[in-house]
Amino acid sequence: MKTFCFDFDGTIADTIPLIVKTVDYLLKKRGDNEISEDLLRRIREEGIEEALKEMNVPIYRLLFLYLQIKKEMNKGLADVAVNANIKDVLVKLRNDDYRLGILTSNSEENVRKFLEKNNLNYFDFIKTSGVLGKAKKLKKLKKKDDIFVYIGDETRDIRAGKRAKVKTVGVSWGLSSRKALLRARPDALVEDPQDLLNLSF
C-alpha cells in the first residue's frame, strides 16, 4: 500500500494570500506594522521559524497569533481557490487505489468545508496538528510496510517528514521557494501537480 499524505495550506488550497491578508489584519488591529515584502521574501527563502527567530518574536505571541489566524481564516475560506491541476491528480491517485490523506495545522472544520465546496472528497483521513507537531502525527499515521509519502510546500513540512522517517516531496507552487525547499533536502521536488504521478517511490 502507498499513502500520499498532503499538507493543506499552499499545497492543495491556495491559502497563502488569505493567510497574509489575515495576518496583516490582526497586526494592524494590534497597532503593529503589516507584513512587509522583505519579511515575506525572507519567509519564502528561509522558512517561517527562521525568519521570525531573527525578528526575536516571543513564542507566546506567535501562538496567540496562530490561534487568531485559524479563527479569522474560517471567514474567508469560501473565497480560496484550489491550486491548479491538483484535482486531476487526486482523481487519478484515487482511481489507482492509493490511500490519500491530509495532515495540516489548519482546522479540520476549515479543511472539510473547503473540500466539500470544491468537490474534493477523495481523502481517507484528515488529521490536524499544532504548528510544531507534524512529525509526531506522521509517525502515527505511517502503517507498517506502507510506502508513506508526505507532500508539502514549506521547509517545515520536509523537516517533519524527515524526522518521522517518511518519504518527502516538496512542491514549488506554495509558500517556500524552490531554493529553500532544496536546502531542506526532500526526497523529490515537483514543479507541477502532475509530476506527483511520476514519482519513483
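The values are calculated or read from the model by the stated rules, or taken from the named source; none is laboratory data. Predicted, not measured: the structure shown is a model, and the values here were computed from it. Cβ coordinates were reconstructed from backbone atoms using ideal geometry, including for glycine residues, and neighbour counts include every protein chain displayed.
The set of residues in region 154-165 being surrounded by fewer than 24 Cβ atoms within 10 Å (Cβ to Cβ) and either of a type in the set (G, A, S) or under 16 Å from the mean Cα position of the chain (by Cα) (or both) consists of R156, R159, K162, A164.
Return a yes/no flag: does region 43-56 have any residue that is modelled with pLDDT of 70 or more and among the small types (G, A, S). No. In the set (1) over 20 Å from I19 (Cα atoms); (2) modelled with pLDDT under 95; (3) of a type outside the set (F, W, Y), the condition left unmet by S176 is number (1).
Give the residue that is surrounded by the most Cβ atoms within 10 Å (Cβ to Cβ), with candidates limited to residues of region 120-147 that are part of a strand (DSSP E or B) and out of contact with any helix residue (DSSP H, G or I) (no Cβ under 7 Å at 6 or more places or on another chain). By that ranking, first place goes to I147. Summed over region 148-190, the residues that are under 18 Å from I126 (Cβ atoms) and part of a helix (DSSP H, G or I) give a count of 3. Cβ-Cβ distances below 8 Å connect the following pairs, each with a first residue in region 136-164 that is in contact (Cβ under 8 Å) with a residue 24 or more places away in the chain and in the same structural domain as F125 (by TED's automatic domain parsing), a second residue that is in a loop (DSSP other than H, G, I, E, B) and of a type in the set (F, W, Y), and a separation of six or more residues or different chains: I147/F201; V149/F201; D153/W173. Going residue by residue through region 106-118, is there one that turns out to be of a type in the set (A, V, I, L, M, F, W, C), modelled with pLDDT of 85 or more, touching a helix residue (DSSP H, G or I) at 6+ places or on another chain (Cβ under 7 Å) and outside any helix (DSSP H, G or I)? The answer is no, given that none of the residues of region 106-118 is of a type in the set (A, V, I, L, M, F, W, C), modelled with pLDDT of 85 or more, touching a helix residue (DSSP H, G or I) at 6+ places or on another chain (Cβ under 7 Å) and outside any helix (DSSP H, G or I). Report whether or not S129 is under 24 Å from V82 (Cβ atoms) and polar (S, T, N, Q). Criteria met by S129. Can you tell me which residue within region 91-109, out of those that are more than 12 Å from T3 (Cβ to Cβ) and in contact (Cβ under 8 Å) with a residue 60 or more places away in the chain, is surrounded by the most Cβ atoms within 10 Å (Cβ to Cβ)? Here the residue is T104.
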